[in-house]
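The values are calculated or read from the model by the stated rules, or taken from the named source; none is laboratory data. As the structure is a prediction and not an experimental result, all values here were calculated from the model. Note that we place each Cβ from the backbone using ideal geometry, even for glycine, and neighbour counts take in every protein chain shown. Heads up: the accessible areas ignore ligands, DNA and RNA and are worked out on the full protein's heavy atoms, side chains in. Shrake-Rupley method; radii C 1.70, N 1.55, O 1.52, S 1.80 Å.
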Amino acid sequence: RELELVEKFIHGLFPIWGIRFISIVDNADTANKGNKKSRQINGLVNEWYLEDLSANVRAVLTHKRRQGCSIASSPLYGYQKDPARKGHLLPDAATAPVVERIFRLALSGLGCAAIARRLNAEGIPAPAAAKALAAGKAPGPGLWSKATVHRLLTNRTYAGDLVQGRVERISWRSSKTRRLPEERWIVAPASQPPLVSRAVFDRVQALLAARARSGKPGA
């Protein structure tokens, strides 16, 4: 259905390879020079269909996000999917306590790098490793890092506000994505069970901001 790709093969590569292309449904035959225009028109219509379909799917997903429905294929670290309610999350018994502990460590004055070092020293699986273990796979060598801890501590979902739409696909034609500015993120307040209180989350944000101002954000 991608016109550019179709034309690349039909008019570019197939003649070189000595291939005659016939499509019964579209009544296309490269040996018949008379149906080239109609074939290209059909290709253009198919491309419009794909573009409209992509826009419709994006609109549906945006609506679900705004309604507080988690559309991620895998739940955020610390959560599991609610089997009784699609799009809803529940605290995960194995990883939710780790999230709570990370916030407590941040409140105690430890920086992101120090927290990561402590978790690694204790052999606590990082998010990617925990995900692999939950799926019954080998966890791999993944470790906690300063960046991983910082992302966790600044994710509002842990305070109950589901945050989605941080990235978007550049085009329906491409799988490449780009990060969006925070003001374009989709936030559904109080839509998921919090793992930490709002007061704790806000206090940690203040501590992180103070560390950033002091020049040692990850110490």
Self-check item: Residue that is nearest to the chain's Cα centre (by Cα) [pool: residues in the range 70-122 that are within 18 Å of residue 132 (Cα to Cα) and of a type in the set (Phe, Trp, Tyr)]
Solution: 77
Quiz item: Does residue 179 satisfy the condition of being basic (Lys, Arg) and over 16 Å from residue 103 (Cα atoms)?
Solution: yes
Practice problem: Please work out which residue is modelled with the lowest pLDDT, limiting yourself to the range 43-71 and to residues that are of a type in the set (A, V, I, L, M) and touching a Lys or Arg at 6+ places or on another chain (Cβ under 6 Å). | Solution: 50
Quiz item: How do the helices (runs of 4 or more DSSP H) wholly within the range 3-112 filter down when requiring 3 or more residues that are open to solvent by less than 80 Å² (accessible area, probe 1.4 Å): which remain?
Solution: 3-7, 36-66, 96-107
Practice problem: Scan the range 55-113 for residues that are among the hydroxyl-bearing types (Ser, Thr, Tyr) and closer than 17 Å to residue 147 by Cα and jot them down. | Solution: 77
